[in-house]
Amino acid sequence: MIAFGRKYGQVQLVRPDHGGRLELKLAKAADTTAHYTLAIFTPNAEVSATVAVDSQNSTLDIGEWRGGPPPAWLETLARALLRSVLRSRGSDGEWPRRVTRWRPEPSP
């Protein structure tokens, strides 16, 4: 019997108990540009946006948020993650297919 049984192929969203989780999934890529779906998960919500990154011009553009805007600290983290994707693209030549990060909520 397969270890996953009937649930094979069903991916459940992993929502953190605390903090926030960011997930980038590559939607479309070319030599110097890539389009990602960015999802941000908190214990109480999930928001997402499409993102365009351009390694030639070192720019990133986050589209309109679906589900409302994320907390400011998570949007800042998302922008830092996207900048690291731009830097890593320059070093190895490939756009990462999927990137996931979790961070605790900052102390007040």
For this session: Can you sort Glu64, Glu23, Glu46 by 1.4 Å-probe accessible area, starting with the largest?
Result: Glu64, Glu46, Glu23
Exercise. Put a dot 7 Å past each Cα toward the Cβ at Asp17 and His35; how far apart are the dots in nm?
Worked result: 3.9 nm
Seminar exercise, completed: Taking the chain and counting helices only, DSSP H stretches of n ≥ 4 at -39,500 (n - 2.57) each over all residues, the nearest-500 ellipticity at 222 nm comes to -6500 deg cm²/dmol
Exercise. Using a 1.4 angstrom probe and counting only protein chains, how large is the accessible area of Thr76 in Å², to 10?
Worked result: 90 Å²
Problem set entry | Area of Glu94 that stays accessible when all protein chains are in place (1.4 Å probe, Å², to 10) | 130 Å²
For this session: Leaving ligands, DNA and RNA out of it, report the carbon-plus-sulfur percent of the accessible area of the chain at a 1.4 Å probe.
Result: 50 percent
Problem set entry | Per-pair calculated FRET efficiency, R0 = 41 Å: Arg97 and Trp73 via Cβ, rounded to 0.05 | 0.95
Seminar exercise, completed: Under a 1.4 Å probe, counting only protein heavy atoms, Trp102 has an accessible area in Å², nearest 10, of 100 Å²
For this session: Determine the order of Asp61, Asp17, Asp31, Asp54 by accessible area, beginning with the largest, at a probe radius of 1.4 Å.
Result: Asp17, Asp31, Asp61, Asp54
Exercise. Rg and Dmax of the chain, using alpha carbons, in Å: what are they?
Worked result: 15.4, 51
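The values are calculated or read from the model by the stated rules, or taken from the named source; none is laboratory data. Because the structure is a prediction, the values reported are computed rather than measured. As a convention, Cβ positions derive from the backbone with ideal geometry for all residues, glycine included, and neighbour counts pool all protein chains shown. Each accessible area value is taken on the protein alone, full model and side chains, heavy atoms only, with ligands, DNA and RNA left out. Shrake-Rupley method; radii C 1.70, N 1.55, O 1.52, S 1.80 Å.
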